[in-house]
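The values are calculated or read from the model by the stated rules, or taken from the named source; none is laboratory data. Just so we're clear, the structure is a prediction, and the values are computed from it rather than from any experiment. Neighbour counts are summed over all protein chains in view; Cβ atoms, including those assigned to glycine, are modelled from backbone coordinates with ideal geometry.
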Amino acid sequence: MSACVQDAPLPHRPAARPPAGPGWTGEPLRLAALLAPAAAVFAAFFLLPLVRLILIGAGGAEGWSAYLTTLADPGHLDSLISTLALSAGVTLVTLAVSTVAGLFLVRNSFPGHALLVALLTFPLAFPGVVIGFMVIMLAGRQGLIGTVTQALGAGKLVFAYSMAGLFLGYVYFSVPRVILTVMAAAEKLDPRLEEAARSLGASSWRVVADVILPALKPALISAGALCFATSMGAFGTAFTLATRINVLPMTIYTEFTLQANIAAAAALSVLLGLITWAALAVARSVAGTSVAAAG
Amino acid sequence: MHDLSHRRGWGFWLQLGFTLLVCALLTVPMVMSMLAGLTANYFVGLKSGLTLRWVEEVWRVYSGTILLSLQIAFACLACTLALGVPAAYALARRPGRIARLVEELLMMPVAIPGLATALALIVTYGGVGDLRSSWLFILIGHVLFTLPFMVRAVLAVMGSIDLTTLEEGAASLGAGFLRRFATVVLPNCRSGILAGSLMVLTLSVGEFNLTWLLHTPLTKTLPVGLADSYASLRIEIGSAYTLVFFLMIVPSLILMQGLSRRGRPSV
């Protein structure tokens, strides 16, 4: 740990001061000792197992090329492509919905405002399985949407147990998170910029397109990456809605439990982990923070 | 603000309508499910009457999963407090490239899907003694997943106070390290520790991605029970069970909202 003494302090943080007085002797050693338990648990139960998983993925007859050949399996490739498409679609829809609602909530005050914000962010703590159940309540066999369409004489519309149901579930899951991010970013906008644009004769649409959206861009990229990563890796919702949905986490799960094909499950999980980690690295480099990706 | 008439034009009502629609999408199924859990026969509807029968049935079948979830959540809280608070202190006291790297590494279990982490744990420790069939196996997964949230919440508060000056003051009065840590550092980070603790409890009670692979028939947690009640039982029981879950997480959610309203950093 002594090497970190040489590091330049980050901006906005008070610089580490030289030791003073008897209480400060041996400080680097003490800090290392304080960090050690967390580091040991992390190394033993996360880094080591992860390395093992990576090695198992490459442990078959094909070695490291197994990471590529696992995608030669049409089922796996299919599942990867549909998961990527689903996550991208969910991200775009969630960003659009949350930007409209989030901007509206920040820029207007009216009776019931606080309640509306509370309701919109309440599902933040729901695990994926509960979200899956909410989709069943909406679009399942006894769901609200089916009852309404039946009453309208259009037949019972049931789509909970398909890709469309999963799409709805992931949007449900992501909207509260993204709305919070949009609202936090929109609160920091300088209203003078907007007023300047208006006084120069810009229409509301021009103000949104040329002033507000560019200012929100970092927050939107970061929230979008988080939403994408969560949709790629989420397992609970797909598991609840299951039956015919072929997404990567479900494929990994069936390879592992039903086919007992541990090497393929390992290779696919490593691949999935790389994709989500890369997406979140983008988010972090743009915005520097991340919100809970619970599931 | 400037002219309200401009703001309350058709654009306002259109956006309000849209926002209410999104809110309905999120809340209507919640209300439906809560009602279903209290309805005698959901297929017949509310006119069949309200009952606590399903909640009682959930308690009869699933009380074990609820108690195990609470046990794991509080054990997880104890572990993340013991590991995370000292780690956050070390990272806050020596900001630098190495601290950034360590922080980045510690956050990885959030970035990598729980399924992958669970698989990694199983292939590495699944054969070690009785660990696989013990609830401690699930606890390990939960600690990995929640530790980043504790570290982050505590770091956020530590970054907003001048620890060095506070500690120098205490040290100049002759306070040794342990005394400074207990009477200066910890009390000043109270809000961060509280925010992190609520987060850890909520996340642990709801964790499914890791837990589904790590659990065994003897170590089922609440979300595992939820998944199998959704899959196999009648909608009333799934709903009543979901209601129980809501009741368990609502107190910590309200506390968290209260904390963030006081302007303290949360995660």
Failed item, numbered, when A:F239 is tested on (1) part of a helix (DSSP H, G or I); (2) out of contact with any helix residue (DSSP H, G or I) (no Cβ under 7 Å at 6 or more places or on another chain):
(2)
Would you mind finding the one in A:F228, A:F256, A:F239 that is buried (at least 21 other Cβ atoms within 10 Å of the Cβ) and at pLDDT 90 or above?
A:F228
What pairs come up if the first residue lies in the range A:22-44 and is more than 25 Å from B:M108 (Cα to Cα) and within 7 Å of another protein chain (Cβ to nearest Cβ), the second is modelled with pLDDT of 80 or more and surrounded by fewer than 15 Cβ atoms within 10 Å (Cβ to Cβ), and their beta carbons are under 7 Å apart, counting only those six or more places apart or on different chains?
A:G23/B:G176
Taking B:L194 as the residue in question, decide whether it is assigned to a helix (DSSP H, G or I), at the interface with chain A (Cβ under 8 Å from one of its Cβ atoms) and in contact (Cβ under 8 Å) with a residue 40 or more places away in the chain.
no
How many residues are more than 22 Å from B:L106 (Cβ to Cβ), in a helix (DSSP H, G or I) and more than 7 Å from chain A (Cβ to nearest Cβ) if we restrict to the range B:155-179?
7
Within the range B:12-46, considering residues that are loosely packed, with under 13 Cβ neighbours inside 10 Å and more than 27 Å from A:L124 (Cβ to Cβ), the one modelled with the highest pLDDT:
B:W13
Here are some residues: A:S204, A:S231, A:S222. Which one is closer than 12 Å to A:Y170 by Cβ and touching a helix residue (DSSP H, G or I) at 6+ places or on another chain (Cβ under 8 Å)?
A:S231
Is it true that some residue in the range B:99-120 is in a helix (DSSP H, G or I), among the basic types (K, R) and either touching a strand residue (DSSP E or B) at 6+ places or on another chain (Cβ under 9 Å) or loosely packed, with under 14 Cβ neighbours inside 10 Å (or both)?
no
Identity of the residue in the range B:82-96, small (G, A, S) and either under 13 Å from B:C189 (Cα atoms) or touching a residue at least 12 places away in the same chain (Cβ under 8 Å) (or both), that ends up nearest to the other protein chains (Cβ to nearest Cβ)
B:A87
Does B:R264 satisfy the condition of being modelled with pLDDT under 85 and either in contact with a Phe, Trp or Tyr (Cβ under 6 Å, 6 or more places away or on another chain) or not polar (S, T, N, Q) (or both)?
yes
Qualifying position, being hydrophobic (A, V, I, L, M, F, W, C), surrounded by 14 or more Cβ atoms within 10 Å (Cβ to Cβ) and at pLDDT below 85, among A:L220, A:L193, A:L180
A:L193
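To keep it simple, each residue is scored yes or no on (1) more than 11 Å from every other protein chain (Cβ to nearest Cβ); (2) in a loop (DSSP other than H, G, I, E, B); (3) closer than 14 Å to A:G236 by Cα.
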site	(1), (2), (3)
A:Q142	no, yes, no
A:I145	no, no, no
A:G155	yes, yes, no
A:G165	yes, no, yes
A:G169	no, no, yes
A:F173	no, no, yes
A:P176	no, no, no
May I ask you to verify whether B:R152 is of a type in the set (K, R), within 18 Å of the chain's Cα centre (by Cα) and assigned to a helix (DSSP H, G or I)?
yes
Please go through the range B:44-74 and pick out each residue that is part of a helix (DSSP H, G or I) and among the polar types (S, T, N, Q).
B:S48, B:S63, B:T65, B:S69, B:Q71
The range B:97-132: number of residues that are charged (D, E, K, R), within 7 Å of chain A (Cβ to nearest Cβ) and touching a residue at least 12 places away in the same chain (Cβ under 8 Å):
0
What about A:L77, is it in a helix (DSSP H, G or I), within 27 Å of the chain's Cα centre (by Cα) and closer than 18 Å to A:W277 by Cβ?
no
